[in-house]
Every structure is written in structure tokens, then in C-alpha cells.
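Read the structure below first, then the notes.
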Amino acid sequence: MARVIEAVYENGVLRPLEKLDLKDGQHVKIMIIEKDFIQVAREIRMRLRKRLGDKDLVKELIYERERFG
């Protein structure tokens, strides 16, 4: 199951800001995305939406997700 959560890095440890349904010792993969990057991505999406329209934007986002994972 893939899920996006927010966390805070404190004293060398990532602390999730919400409860996680994980077992003790369970291994997970973490992708670090700084908030500044998220804001830039939102701005790009807004600009694309204005240029392409919602339907074409969805197609473009699907293409980019498949391309970059």
C-alpha cells in the first residue's frame, strides 16, 4: 500500500505526524520530498491546468508518473 504522510525530522529520527498502521520492526521505503518541492509542483500543475484543461492535465500527470515512477 502506497501512502503519503508528513513527518518531522528531529534528533536524527523521522517522526510521523499521524498514526501509522505498521507492525513493530516492519520495514518500509521512504521517499523524502521537501515541502518547497511540493509547492513548486502545485504551481506547475496550476499552470498546466490553465494551459491544457483538466482532461489533458490528467493525461499528462499519468504519463509523468509512469515515466518517473
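Every read-out reported here was derived from the displayed coordinates using simple, explicitly stated rules and does not represent laboratory data. What you are looking at is a predicted structure, and each value in this text was computed from that prediction instead of being measured. All Cβ positions, glycine included, derive from the backbone under ideal geometry; neighbour counts span all protein chains shown.
Tell me which residues come under 5 Å, amide H to amide H, from residue 7 once H is placed; ignore anything under 5 positions away on its chain.
Under 5 Å from the amide H of residue 7: 17.
Please give the charge dipole size of the chain, origin at the Cα centre, charges +1 on K and R Cβ atoms and -1 on D and E Cβ atoms. Round to the nearest 20 debye.
Dipole size: approximately 360 debye.
Can you give the calculated 222 nm mean residue ellipticity of the chain, where each DSSP H run of n ≥ 4 adds -39,500 (n - 2.57) and the sum is split over every residue, rounded to the nearest 500 deg cm²/dmol?
-16000 deg cm²/dmol
Answer with a single label: of (i) 18, 42, 26, 13, 1; (ii) 14, 38, 28, 17, 3; (iii) 16, 22, 26, 28, 8, 0, which was calculated as P(r) over Cα pairs in 10 Å bins from 0, in percent from the structure in view?
Only one listed value fits the structure, namely (ii).
Residue by residue, what Karplus-based ³J(HN,Hα) values in Hz, rounded to whole numbers, does the range 13-18 have, using 6.51, -1.76 and 1.60 with θ = phi - 60° and x for Gly and Pro?
Along the range 13-18, the couplings run 10, 7, 10, x, 8, 8 Hz.
Could I have the simple spin-label model distance between residue 67 and residue 36, label points 7 Å from Cα toward Cβ, reported in nm to one decimal?
Taking the simple label geometry, residue 67 and residue 36 are separated by 2.4 nm.
Just subtract the alpha-carbon distance of residue 43 and residue 15 from 0.36 nm times their residue separation and send over the number in nm, one decimal.
So the chain would gain 7.3 nm between residue 43 and residue 15.
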